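Colleague: Let me give you the structure first, and then I'll get to my questions.
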Amino acid sequence: MKFFIDTADLDEIREALSWGCLAGVTTNPSLYAKTGGSLSGFEEHMTKIARLCEGLPVSVESCAKTVEDMVADGRRLSALAPNVVVKLPVCAEALAATRTLASEGVRVNMTLVFSAPQALLAANAGARYISPFIGRFDDISEDGLDQLGTVIACVHNYDWAGRNPDDTVEIIAASVRTPHHVTQAALLGADIATVPLAALRKCLRHPLTDQGLTGFDAAWEKVRAQG
Ligand code: G3P
């Protein structure tokens, strides 16, 4: 399973990139709003992220409401940089826009997916990535991981050759909040987990690692003292 970072914050992306294991970035309007960015600065900011992450997919979301506007946004956003993936929320208009964009070689990440039928519709329309949310199910006392497993099983049952520019569909486990979500998403066979930096840091650390390191450092100090 690959790791994407779920943020629009350039410093957070730089930090995750420095770890050497980042495979992509996902952004959304809430994450962009958190950076304090303006409407006029949106495309410039997304271009900066795409350049910083050259060669890695960077999802940039359109807030358009009609098929025509989604297609126009998709064409414009995908022209910002070769690694931009256009993010659209699952709905009838977005399915139609995805069909057009996919036929033009534009990669689409279909987001706000909460059910297997939504995911199957997205894959048939030509989505390159599908983002089922975990945490938001947990927020309403439902099992987000169980739902993720169903989406993965249904989508991975089929060959999506000819449906999108890369002939394959990858499932991005989204709305990931904890290391437990990450482990379970991998066990379920998610292709990618998009994870906020705070949760990535929690994934990296373990108290036994810290304890072990303290012990090794103390032992090494003794070795050094003995010369
Ligand atoms: O990429 C969107 C998704 O990850 C949102 O997460 O925590 O707002 O449910 P969250």
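Colleague: Going by the conditions given, is residue 96 touching a strand residue (DSSP E or B) at 6+ places or on another chain (Cβ under 9 Å) and small (Gly, Ala, Ser)? I'd like the intermediate steps shown before the answer.
Modeller: Values: touching a strand residue (DSSP E or B) at 6+ places or on another chain (Cβ under 9 Å): no; small (Gly, Ala, Ser): yes.
No; evaluated as a whole, the condition is false for this residue.
Colleague: From 190, 198, 127, 123, grab the single residue that is under 21 Å from residue 60 (Cβ atoms) and within 15 Å of the ligand (Cβ to nearest atom).
Modeller: Values: 190 fails: under 21 Å from residue 60 (Cβ atoms); 198 fails: under 21 Å from residue 60 (Cβ atoms); 123 fails: within 15 Å of the ligand (Cβ to nearest atom).
Going through 190, 198, 127, 123 in turn, the sole match is 127.
Colleague: Consider region 150-177. How many of its residues are open to solvent by less than 50 Å² (accessible area, probe 1.4 Å), away from the ligand (no atom under 16 Å from the Cβ) and free of Cβ contacts under 8 Å to residues at least 40 places away in the same chain?
Modeller: 4
Colleague: Here is a further query. In the list 144, 105, which residue meets the criterion of being of a type outside the set (Asp, Glu) and at positive phi?
Modeller: Values: 144 fails: at positive phi.
After applying the criteria, what remains is 105.
Colleague: Evaluate region 81-96: report whether one residue or more is farther than 24 Å from residue 193 by Cα, at pLDDT 95 or above and charged (D, E, K, R). If you could, list the steps in order and put the result at the bottom.
Modeller: If we filter region 81-96 for residues that are farther than 24 Å from residue 193 by Cα, which is where we start, we get 92-93, 96.
Restricting the remaining residues to those that are at pLDDT 95 or above gives 92-93, 96.
Remaining after also requiring charged (D, E, K, R): 93.
Yes.
Colleague: Among the listed residues 107, 128, 51, 76, which satisfies the condition of being touching a Leu at 6+ places or on another chain (Cβ under 9 Å) and under 26 Å from residue 12 (Cβ atoms)?
Modeller: Details: 128 fails: touching a Leu at 6+ places or on another chain (Cβ under 9 Å); 51 fails: touching a Leu at 6+ places or on another chain (Cβ under 9 Å); 76 fails: touching a Leu at 6+ places or on another chain (Cβ under 9 Å).
Selected residue: 107, the only one of 107, 128, 51, 76 that is touching a Leu at 6+ places or on another chain (Cβ under 9 Å) and under 26 Å from residue 12 (Cβ atoms).
Colleague: Considering only region 1-18, state which residues are of a type outside the set (Val, Ile, Thr) and either without any contact (Cβ under 8 Å) to a residue 24 or more places away in the chain or in a strand (DSSP E or B) (or both). Spell out the reasoning first.
Modeller: First pass over region 1-18, keeping only residues of a type outside the set (Val, Ile, Thr): 1-4, 6, 8-12, 14-18.
Result: 2, 3, 4, 6, 11, 18.
Colleague: Within region 111-138, take every residue that is among the charged types (D, E, K, R) and modelled with pLDDT of 95 or more and give me the one that is surrounded by the fewest Cβ atoms within 10 Å (Cβ to Cβ). Break it down stepwise before answering.
Modeller: Here is the first cut: in region 111-138, the residues among the charged types (D, E, K, R) are 128, 136, 138.
From the residues that got through so far, the ones that are modelled with pLDDT of 95 or more too are 128, 136.
Working: 128: 26, 136: 16.
Within region 111-138, the match that is surrounded by the fewest Cβ atoms within 10 Å (Cβ to Cβ) is 136.
So that you can scan it fast, the table gives a plain yes or no per residue for (1) without any contact (Cβ under 8 Å) to a residue 24 or more places away in the chain; (2) under 18 Å from residue 162 (Cα atoms); (3) in contact with a Cys (Cβ under 6 Å, 6 or more places away or on another chain); (4) assigned to a loop (DSSP other than H, G, I, E, B):
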| site | (1), (2), (3), (4) |
| --- | --- |
| 68 | yes, no, no, no |
| 76 | no, no, no, no |
| 88 | no, no, no, no |
| 98 | no, yes, no, no |
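Colleague: Give the residues of region 1-54 that are away from the ligand (no atom under 16 Å from the Cβ) and under 25 Å from residue 169 (Cβ atoms), sorted by residue number.
Modeller: So in region 1-54, the residues away from the ligand (no atom under 16 Å from the Cβ) come out as 10-11, 14-15, 17-21, 36-45, 47-48, 50-52, 54.
Passing the criteria: 21, 50, 54.
The values are calculated or read from the model by the stated rules, or taken from the named source; none is laboratory data. Source: prediction; values computed, not measured. Here Cβ is always computed from backbone atoms with ideal geometry, including for glycine, and neighbour counts include all displayed protein chains. Heads up: the accessible areas ignore ligands, DNA and RNA and are worked out on the full protein's heavy atoms, side chains in. Shrake-Rupley method; radii C 1.70, N 1.55, O 1.52, S 1.80 Å.
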